[in-house]
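Q: Dropping the structure in here first, questions after.
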Amino acid sequence: MSCLIDIEDLLVWSYAVERADRTGLQNQGPGWPRDSVLRLECAGLGGLSGTGTGQGCHADAETVHTAVSGLSAEMQRLVIGHARSGTRPEWFPGARPVVAAELNRQGRPRKLYDHNRHVTGHAVRAGVELGDGSIWYDWTMDGIGRARAVYTAWHQALIELAAWLDMSGLLVDYQVSGPAAPDSPWKNLGVAFSNPVDKPVAKSY
C-alpha cells in the first residue's frame, strides 16, 4: 500500500536522504514545455542533476529525479537546492518600502548640521522594512518582487512535478499530493509596523 506524501516532502526525501542526483542518472525527463515555468537565474543553490556517481537509490527517488531532470537547468538548481537543504525560496515576509533614518558608526541616527553646526535634522535613506522590523537600506520593492517571482516559479515547478508523478503511475511506495506550500504567502499578512524613523534598525547589503 502506497503512502500519501506531499511533493515538497518527497523532494526533500529524494535529494537530502536518497541523494538521487548523485547516482549517475542521465537527464531523461518527461520533456516539460520550455515556458512551463519562469526561467530564472537561481545561482548558489547547488549543482545540476545527474553529476554524481554514487550507489543506487530508492526507485521512487529515481523516478522523482527523472521528473525533475525535465525542468530547465535553472529550475533544477532551484528545486534540488532547496530540497537538499529542506528550505523554500526567500520571499521576505512583510516587506514594505520606507524612508528610514541613516545610522552613524555608533548605530544612531546621523544628524544634519547647518553652517553654524546647529542640528537641522537627521539624514534619511530609502530602503525596505521587513516584518521583523529590520530595514535594508538601498533595497527596493522591485528587488523583493524578483525574489518573490523565484518563489512563485519554485511553487509552480512543484505543482507540475506533482501532476506528472501522479499521472505517470511510476511511483511504487508513495502517492504524491500537494504542494501544501502556499502559492503567495506574502499576501494578507496583516503585519503591524512601527515608525521606521523612530526605530532605525538596519542592515546594509
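The values are calculated or read from the model by the stated rules, or taken from the named source; none is laboratory data. All figures in this text were calculated on a predicted structure; none of them were measured in a lab. All Cβ positions, even for glycine, are placed from backbone atoms using ideal geometry, and neighbour counts span all protein chains on display. Ligands, DNA and RNA are excluded from the accessible area calculation, which covers all protein heavy atoms including side chains. Shrake-Rupley method; radii C 1.70, N 1.55, O 1.52, S 1.80 Å.
Q: When you look at residue 74, is it open to solvent by 40 Å² or more (accessible area, probe 1.4 Å), closer than 30 Å to residue 19 by Cβ, within 26 Å of the chain's Cα centre (by Cα) and modelled with pLDDT under 95, yes or no?
A: Considered against the rule, which asks whether it is open to solvent by 40 Å² or more (accessible area, probe 1.4 Å), closer than 30 Å to residue 19 by Cβ, within 26 Å of the chain's Cα centre (by Cα) and modelled with pLDDT under 95, residue 74 comes out as no.
Q: Quick check on this structure: which one of 157, 162 is modelled with pLDDT of 90 or more, in contact with a strand residue (DSSP E or B) (Cβ under 6 Å, 6 or more places away or on another chain) and of a type in the set (A, V, I, L, M, F, W, C)?
A: 162
Q: For the subset of region 104-154 comprising residues that are at pLDDT below 85 and of a type in the set (A, V, I, L, M), which member is farthest from residue 181 (Cα to Cα)?
A: 119
For every residue, the table says whether it meets (1) surrounded by fewer than 20 Cβ atoms within 10 Å (Cβ to Cβ); (2) among the β-branched types (Val, Ile, Thr); (3) part of a helix (DSSP H, G or I).
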| site | (1), (2), (3) |
| --- | --- |
| 128 | no, yes, no |
| 132 | yes, no, no |
| 146 | yes, no, yes |
| 154 | no, no, yes |
| 157 | no, no, yes |
| 162 | no, no, yes |
| 165 | no, no, yes |
| 170 | yes, no, no |
| 175 | yes, no, no |
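Q: Could you grab me the full set of residues in region 66-107 that are touching a residue at least 24 places away in the same chain (Cβ under 8 Å), of a type in the set (Lys, Arg) and part of a loop (DSSP other than H, G, I, E, B)?
A: Hit for region 66-107 is 88, nothing else.
Q: Condition first: touching a Pro at 6+ places or on another chain (Cβ under 7 Å) and of a type outside the set (A, V, I, L, M). Now tell me which residues in region 161-189 satisfy that.
A: Those that are touching a Pro at 6+ places or on another chain (Cβ under 7 Å) and of a type outside the set (A, V, I, L, M): 164, 186.
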